[in-house]
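> Can you keep this structure in mind? I'll have questions shortly.
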Amino acid sequence: MSGVSTAIAMCTGPGGRIHVTGSAGTALYEADGTLVWTATICGVDLVADAEGGTTVVGSSGTVAFAAAGAVVWSDPVPALAVARDFDGRVMVLSAESLTWFGNAGERVRTRELPEINGWPVLGRLMKVDFGGRPVVVGTSKNDLFGTESLVVMRYDSAGNLDWVTSPDGFLNADRPGREHAYSLGDGFCR
């Protein structure tokens, strides 16, 4: 990356390689700091794969790079976060949805983020839990004045929404002991 750049996200991959993306592009470094390649794709998040490739997301969409820096596939939908499930599928979070991609960049499934009390949840961050399931953090309005609340939700490995919770208690406030939990299934989660 040439010129002034602000690093926004980084991760490590096989062999200790360092993947970095930011305001001036994306780069891959060997574990000893030697530059391997650069690209002018600017991102806000990235994830490495088992073969040393990098998937970058940002306002220009999603771009998957091979370990040598060649573009493998791309998708034009602007995105905020990226992760990989335990099967190696790329999961991409946009403000409105969560999408799983196959190895060739084909869309495997897309799930719209839920509405809560009539207000849409807007995605912000995503990571994978120890069970390989995506956990999404977002915000949702909780009143007519536009006050936003933090919302945390988890999807199962098949892409179904497991549960949604809010630490400030605006979900299910009418259920004693369950102020911080909301479930789309048979019961309520803690």
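The values are calculated or read from the model by the stated rules, or taken from the named source; none is laboratory data. What you are looking at is a predicted structure, and each value in this text was computed from that prediction instead of being measured. Note that each Cβ is placed from the backbone with ideal geometry, even for glycine, and that neighbours are counted across all protein chains shown.
> If only one of Asp156, Asp168, Asp174, Asp143 is more than 22 Å from Gly58 (Cα to Cα), more than 12 Å from the chain's Cα centre (by Cα), of a type outside the set (A, V, I, L, M, F, W, C) and modelled with pLDDT of 90 or more, which one is it?
The match here is Asp156.
> Turning to a different aspect of this structure: In region 117-153, how many are touching a residue at least 24 places away in the same chain (Cβ under 8 Å) and β-branched (Val, Ile, Thr)?
Final tally of qualifying residues: 4.
> Residues in region 28-44: is at least one touching a Cys at 6+ places or on another chain (Cβ under 9 Å) and outside any helix (DSSP H, G or I)?
Checked region 28-44: no residue is touching a Cys at 6+ places or on another chain (Cβ under 9 Å) and outside any helix (DSSP H, G or I).
> Can you confirm whether Ala48 is among the hydrophobic types (A, V, I, L, M, F, W, C), touching a residue at least 24 places away in the same chain (Cβ under 8 Å) and in the same structural domain as Gly159 (by TED's automatic domain parsing)?
no
> Let me ask something else about it. Quick one: Thr62 ticks every box in (1) hydroxyl-bearing (Ser, Thr, Tyr); (2) crowded, with 21+ Cβ neighbours inside 10 Å; (3) free of Cβ contacts under 8 Å to residues at least 24 places away in the same chain except a single one, so which number is it?
(3)
> Please determine, by comparing only the residues of region 90-103 that are within 15 Å of the chain's Cα centre (by Cα) and part of a loop (DSSP other than H, G, I, E, B), which one is farthest from Gly43 (Cα to Cα).
Among them, the one singled out is Glu96.
> Sticking with this one: Restricting to region 81-113, count the residues that are within 15 Å of Thr62 (Cα to Cα), of a type in the set (A, V, I, L, M) and crowded, with 19+ Cβ neighbours inside 10 Å.
Qualifying residue count, region 81-113: 8.
> Among the numbered conditions (1) surrounded by 15 or more Cβ atoms within 10 Å (Cβ to Cβ); (2) closer than 27 Å to Ser157 by Cβ; (3) among the β-branched types (Val, Ile, Thr), tell me where Thr12 comes up short.
So the condition that Thr12 fails would be (1).
> Just a yes or no: is a residue in region 70-89 part of a strand (DSSP E or B), closer than 28 Å to Val164 by Cα, at pLDDT below 95 and not small (Gly, Ala, Ser)?
yes
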